[in-house]
């Protein structure tokens, strides 16, 4: 059990994925305040959608969409916390490509608070999500990611995580790693997962999830 001192309120959140330094939690409205704050930062939103800052209504909608995806498939886009400080640092996850669950492909995405830039968190999250996808009972054949041409930092993250550039146009670059390529990499990270199969969550009780002091973030790639 991990508790935060002097928190506005306490709530239980369920752990989705644990990497070396970070927790990715299941989507939750309990993290609304922290998520909305990074959604109001130009550096975070620059490569998301049209670059506009979220209203509270849009932030609620995006969290609801993430929760609905998780409820349906057992994976999604959730809040991220530093293990050492238990501070909110951003969001990350895996979800259907272009948010279209009528097709089978899935992509990884992440965004971090600017104070988290340069810590290697984005690469750690990407590697952890890819490892999750190709281990256990997921049976993903491939994982995709998208970056805009001007988002050079995110492109470098995806390459470091083992994805390769597949195609590009004037608006987007498309990256991919398949199961065979992942298995061939000797440096695949060791991770701790909250489930061996979907729908077996491990709770992190007492984790304050509302307005923990923001620590770091950047967005990994995508326009929504």
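The values are calculated or read from the model by the stated rules, or taken from the named source; none is laboratory data. Just so it is clear, the model here is predicted, and its values are computed rather than measured. Every residue, glycine as well, gets a Cβ built from its backbone with ideal geometry; the counts of neighbours run over all protein chains shown.
The residue of segment 68-77 that is nearest to residue 32 (Cα to Cα), among those that are surrounded by 14 or more Cβ atoms within 10 Å (Cβ to Cβ) and over 13 Å from the mean Cα position of the chain (by Cα), is 69. Per the listing 113, 99, the residue uniquely in contact (Cβ under 8 Å) with a residue 40 or more places away in the chain and within 22 Å of residue 163 (Cα to Cα) is 99. If you check residue 122 against the conditions, is it assigned to a helix (DSSP H, G or I) and in contact with a strand residue (DSSP E or B) (Cβ under 8 Å, 6 or more places away or on another chain)? Judged against the criteria, residue 122 is a match. Residue 132 meets all of the listed conditions (1) over 24 Å from residue 38 (Cα atoms); (2) surrounded by fewer than 19 Cβ atoms within 10 Å (Cβ to Cβ); (3) within 15 Å of the chain's Cα centre (by Cα) but one, namely (2). Does residue 189 fit the bill of being at pLDDT below 95, assigned to a loop (DSSP other than H, G, I, E, B) and in contact with a helix residue (DSSP H, G or I) (Cβ under 6 Å, 6 or more places away or on another chain)? Here the answer is yes, as residue 189 does meet what is asked. Before we move on, is residue 47 touching a strand residue (DSSP E or B) at 6+ places or on another chain (Cβ under 9 Å), surrounded by 14 or more Cβ atoms within 10 Å (Cβ to Cβ) and within 18 Å of residue 129 (Cβ to Cβ)? In short, no.
Residue-by-condition table, conditions (1) surrounded by fewer than 22 Cβ atoms within 10 Å (Cβ to Cβ); (2) at pLDDT below 90; (3) more than 21 Å from residue 103 (Cα to Cα):
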residue	(1), (2), (3)
120	yes, no, yes
142	yes, no, no
153	yes, no, yes
161	no, no, yes
171	yes, yes, yes
176	yes, no, no
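For segment 78-96, the condition of being free of Cβ contacts under 8 Å to residues at least 60 places away in the same chain, surrounded by fewer than 21 Cβ atoms within 10 Å (Cβ to Cβ) and either outside any strand (DSSP E or B) or on the phi > 0 side of the Ramachandran plot (or both) holds for none of the residues. For segment 97-108, filtering for residues that are surrounded by fewer than 24 Cβ atoms within 10 Å (Cβ to Cβ) and under 15 Å from the mean Cα position of the chain (by Cα) leaves 5. For segment 1-45, residues that are in contact with a helix residue (DSSP H, G or I) (Cβ under 7 Å, 6 or more places away or on another chain), in a loop (DSSP other than H, G, I, E, B) and modelled with pLDDT under 90 total 3.
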